[in-house]
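Taking it in order: structure first as structure tokens, then the write-up.
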Amino acid sequence: MRQDNEAKEKSSDKPSRANATTLIKPSSGWQILGVKELSDYRDLLYFMVSRNIKVLYAQTILGFAWAILQPLIQIVLFTLVFGRVAKLPTDGIPYVLFSSVAIIPWNYMAQSMTASTQSLIAGKAILGKIYFPRLIFPITAVLSRLIDFAVSLLILLILFCYYRVYPTWHILLLPVFIISMVSVSSGVGFLFSAMAIRFRDVQIAMPFIIRMLMYTAPIIYSATSLPEKYRFIYSLNPVVGIIEGYRSCLLGTPFMWDFIVPGLITGQILFFIGAFYFKRMEKVFVDVI
């Protein structure tokens, strides 16, 4: 009798389990990133980041050596053209050092901003088939490029050994500028990837935007060469604060806070604006694409 009752209880449970449904609802309340939801899908984020890293240099002969060759070629060209021929002022720093500590973080930002802008369009095949936080697309593009950034730091290590540049206490602030570099790249990626779904002009305009950002940032020239009356407006460019912060942290030069602080503030504002716009447009991605 006891076995019969247990069998009946198990059989009565089967219909309820068979009829069980999973309901997916949009997150309620004002949430910028939906951190809890991203945490629930962290395994997927890890998988997509690792996949992007593996695919990045798949079927290439040199593989991760490209992460060193690309900035190295730029450093050599900039040193010859702007250091030797144009002889741009560098505040007494050898031009190869002056340019390399700017080119390496800039390359990361340029590549991650471009990749994250195209991430939703590149992933449109799975966008409407299964639900997961859409922010994973641009975040994946930004995080996967950190491997290239870490590998390219070997160039700086070699140059510092050659020029006998030793770290000072300034290097303790380097994580602040790394976080700011990632957040600015993410903010641009959030904003432009959401816009690119509806306006494909953004994809076409992105190379031009990247070039404009490069020439309006102190990568090949010193920020101190600008006239005093334009410096505050110039400092609102978030890339300016990041580049100047890297120079001070790695080369031990004085921090130019009048350039750094406005840029860091602008960068965080850009991050939240990009995240807010992305979350606002997220509901129409599948319909538009």
Determine whether residue 45 is under 18 Å from the mean Cα position of the chain (by Cα) and modelled with pLDDT under 80.
-> no
Answer residue from the range 241-259, given it is in contact with a helix residue (DSSP H, G or I) (Cβ under 8 Å, 6 or more places away or on another chain) and over 21 Å from residue 153 (Cβ atoms) and is most open to solvent (accessible area, probe 1.4 Å) among those | 254
Return yes or no: is residue 263 open to solvent by less than 30 Å² (accessible area, probe 1.4 Å), under 19 Å from the mean Cα position of the chain (by Cα) and more than 25 Å from residue 169 (Cβ to Cβ)?
-> no
From the list 197, 126, 158, which residue is over 23 Å from residue 64 (Cβ atoms) and without any contact (Cβ under 8 Å) to a residue 40 or more places away in the chain?
-> 126
Residues of the range 68-77 classified as among the β-branched types (Val, Ile, Thr) and either open to solvent by 80 Å² or more (accessible area, probe 1.4 Å) or not in a helix (DSSP H, G or I) (or both), total = 1
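For every residue, the table says whether it meets (1) touching a Phe, Trp or Tyr at 6+ places or on another chain (Cβ under 6 Å); (2) modelled with pLDDT under 90; (3) open to solvent by 30 Å² or more (accessible area, probe 1.4 Å); (4) part of a loop (DSSP other than H, G, I, E, B).
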| site | (1), (2), (3), (4) |
| --- | --- |
| 149 | yes, no, no, no |
| 157 | no, no, yes, no |
| 167 | no, yes, yes, yes |
| 171 | no, no, yes, no |
| 175 | no, no, yes, no |
| 179 | no, no, yes, no |
| 184 | no, no, no, no |
| 188 | no, no, no, no |
Members of the range 269-283 found to be in contact (Cβ under 8 Å) with a residue 40 or more places away in the chain, open to solvent by 70 Å² or more (accessible area, probe 1.4 Å) and within 21 Å of residue 182 (Cβ to Cβ), listed by number = 272, 273, 276
Verdict on residue 4 being modelled with pLDDT of 75 or more, on the phi < 0 side of the Ramachandran plot, outside any loop (DSSP other than H, G, I, E, B) and loosely packed, with under 10 Cβ neighbours inside 10 Å | no
Hey, can you tell me all the residues within the range 78-105 that are more than 27 Å from the chain's Cα centre (by Cα), among the aliphatic types (A, V, I, L, M) and either within 18 Å of residue 242 (Cβ to Cβ) or open to solvent by less than 20 Å² (accessible area, probe 1.4 Å) (or both)?
-> 93
Over the range 53-67, the set of residues in a helix (DSSP H, G or I) and open to solvent by less than 50 Å² (accessible area, probe 1.4 Å) is 53, 63, 65, 67
Scanning for something open to solvent by 40 Å² or more (accessible area, probe 1.4 Å) and touching a Lys or Arg at 6+ places or on another chain (Cβ under 9 Å), does the range 106-113 turn up at least one residue?
-> yes
Output the residues belonging to the range 210-241 that are within 13 Å of residue 110 (Cα to Cα) and hydrophobic (A, V, I, L, M, F, W, C).
-> 210, 212, 213, 214, 217, 219, 239
Within the range 210-221, the residues that are in contact (Cβ under 8 Å) with a residue 12 or more places away in the chain and either outside any loop (DSSP other than H, G, I, E, B) or open to solvent by 40 Å² or more (accessible area, probe 1.4 Å) (or both) are 210, 213, 214, 216, 221
Are any residues in the range 241-259 free of Cβ contacts under 8 Å to residues at least 24 places away in the same chain and outside any loop (DSSP other than H, G, I, E, B), and if so, which ones?
-> 257
Looking at the range 222-240, which of its residues are in contact (Cβ under 8 Å) with a residue 60 or more places away in the chain and surrounded by 22 or more Cβ atoms within 10 Å (Cβ to Cβ)?
-> 239
Identify the residue in the range 190-209 that is charged (D, E, K, R) and in a helix (DSSP H, G or I) and, among all such residues, is nearest to residue 105 (Cα to Cα).
-> 201
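The values are calculated or read from the model by the stated rules, or taken from the named source; none is laboratory data. Model, not experiment: these values are computed from the prediction. For neighbour counting, all protein chains shown are included, and Cβ atoms are generated from backbone atoms with ideal geometry for every residue, glycine included. Heads up: the accessible areas ignore ligands, DNA and RNA and are worked out on the full protein's heavy atoms, side chains in. Shrake-Rupley method; radii C 1.70, N 1.55, O 1.52, S 1.80 Å.
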